[in-house]
Ligand SMILES: Nc1ncnc2c1ncn2[C@@H]1O[C@H](COP(=O)(O)OP(=O)(O)OP(=O)(O)O)[C@@H](O)[C@H]1O
Ligand SMILES: [Mg+2]
């Protein structure tokens, strides 16, 4: 299978501080990659470089055969193929659930209104929120909002989905419903997923690969079960002893 | 104290004429001021992260120039009294035109000068309202929009615009009322708006109490109509 994402010698600095150091990473189509690591290790920055929310300082990011930064003019094409789910949901507060989900197909994919609404309703149904389609984000619980956000990202029919700690802002009893939706996407659609999370159960169950980052570097990677069972570095051992097991 | 209702009745037609002019200047002024204000407000933050992401290439210097022009406009208007702006436009500007070009008989009608003054004056304050509201839109929402692959124009039109507009309504209402009351200053360039009508009637019959009471009530009615229309718009928009 071909690599849908390739990071080649990627460095990223904010001002004078380099937060990603020479990252090399290839992700195959359909792969589910889980990224873990302590706070400030650069997990968010890394995945935000994939959809160009951050522009890399040096190196190359290739997504679906588009190379950034040399093809800067094609950033929108990259984003059409790379959806993102955020920790804080970031639903558009002035749009209802179904309008939020239909927004991408309508505006980014230029579909007509009824087609976009149909797609949106199907997706809301899939994430178990059919009866909430006319609610505004403010009227939904955190878990429901995050499921709408996942549907919104799916609606533009991307090849890759990025998740940045999708359950970290949720009350414990709502984490399960969101993880279930993510699991079903991974299993049913063969979607390429890059997930930053501390949910080790999720990583073990659906992850094809687990990456441990520390201080802007990939320190260890491998099959989730093996990496968790046999951590090589002291830092990963230490990290694993601190995260909860679900 | 003697209070003659008949004085009010007699002066009512002239005062209503003045009120009508006040209303016309105000409406044209705030409609034009909105256009001006949105352009200058967005201009002040052109090319910054508040409107998506920073531009590349040639757009970068262009956006800097736009920012400076917008800021210059806003600061010039905010830093000078509106009455000076009106006098400048009505008396000084034609002389300037005459000096620079060969046009001999260049003149600006008093009413035109009044409307233009309100447009540019309100525009500068509205620009600050627009800028403040746009900057206050949560950055995560912009990132959510951008990550769907929409254009900057779509981002501004469908996400930043509606969210920011909701926050603009209360301060806009404030500015509209200020602009309406500012029209009374055009008495200095001889526009026959409400205050001037009151002044002229006063000068002929010396009935200060009746006239200024009526004038005040007329202003109050107009500002109330403005305030209520904005409240109506606010209510009609979805709560979030
Ligand atoms: N916009 C920014 N400007 C300056 N520094 C930043 C910016 N974004 C991130 N950083 C810095 O980059 C480093 C990596 O941050 P990043 O958010 O990628 O970490 P993270 O692994 O996602 O952490 P967390 O688990 O807390 O989300 C941190 O030191 C952070 O302070
Ligand atoms: Mg993070």
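Quick note: the coordinates plus some simple rules give every number you see, no bench work behind them. The structure displayed is predicted, hence computed values, not measured ones. Note: ideal-geometry Cβ built from the backbone for every residue, glycine included; neighbour counts use all protein chains shown.
Values as computed for the structure displayed
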{"quantity": "Residue order, fewest to most surrounding Cβ atoms within 10 angstrom, among B:56, B:232", "calculated": "B:232, B:56"}
{"quantity": "Of B:50, B:122, B:40, the one that fluctuates the most in a GNM where chain B has Cα springs shorter than 10 Å", "calculated": "B:50"}
{"quantity": "Degrees between helix B:59-78 axis and first principal axis of chain B (Cα, 0 to 90, nearest 10)", "calculated": "20"}
{"quantity": "Likely footprinting exposure, B:80, B:183, B:223, A:192, fewest C-beta neighbours within 10 Å first", "calculated": "B:80, B:223, A:192, B:183"}
{"quantity": "Reciprocal mean inverse distance between Cα atoms of chain A - Kirkwood radius, Å", "calculated": "18.5"}
{"quantity": "Residue mean of other protein chain beta carbons inside 10 Å, B:133-146", "calculated": "4"}
{"quantity": "Packing rank of A:120-128, B:101-109, where each peptide gets the mean count of other beta carbons within 10 Å, highest leading", "calculated": "A:120-128, B:101-109"}
{"quantity": "Kirkwood-type radius of segment B:1-134, with distances r between different C-alpha atoms, in Å", "calculated": "17.6"}
{"quantity": "Crossing angle, helix B:161-182 versus chain B [Cα axis fit, 0-90 degrees, rounded to tens]", "calculated": "20"}
{"quantity": "Cα pair distances exceeding 21 angstrom across chain B, given as percent", "calculated": "65"}
{"quantity": "For the protein assembly as shown, Kirkwood radius (reciprocal of mean inverse C-alpha pair distance, Å)", "calculated": "26.4"}
{"quantity": "222 nm mean residue ellipticity, helices alone, for chain A (DSSP H n ≥ 4; -39,500 (n - 2.57); rounded to 500)", "calculated": "-10500 deg cm²/dmol"}
{"quantity": "Spread of Cα-to-Cα distances over 10 Å intervals beginning at zero, given as percent, for segment B:140-192", "calculated": "21, 28, 19, 17, 12, 3"}
{"quantity": "Percentage, to the nearest whole number, of Cα pairs in segment A:33-122 over 22 Å apart", "calculated": "43"}
{"quantity": "Shielding score for B:162-170, defined as the mean number of other chain Cβ atoms within 10 Å", "calculated": "1"}
{"quantity": "Computed [θ] at 222 nm, deg cm²/dmol, chain B (DSSP H ≥ 4; -39,500 (n - 2.57); rounded to nearest 500)", "calculated": "-24500 deg cm²/dmol"}
{"quantity": "Nearest 10 degrees, 0 to 90: helix B:208-236 Cα axis against chain B principal axis", "calculated": "20"}
{"quantity": "Ordering of A:141-149, A:64-72, B:24-32 by burial proxy (mean other Cβ atoms within 10 Å per residue, highest first)", "calculated": "A:141-149, B:24-32, A:64-72"}
{"quantity": "Cβ neighbours within 10 Å from other chains - mean over A:87-98", "calculated": "5"}
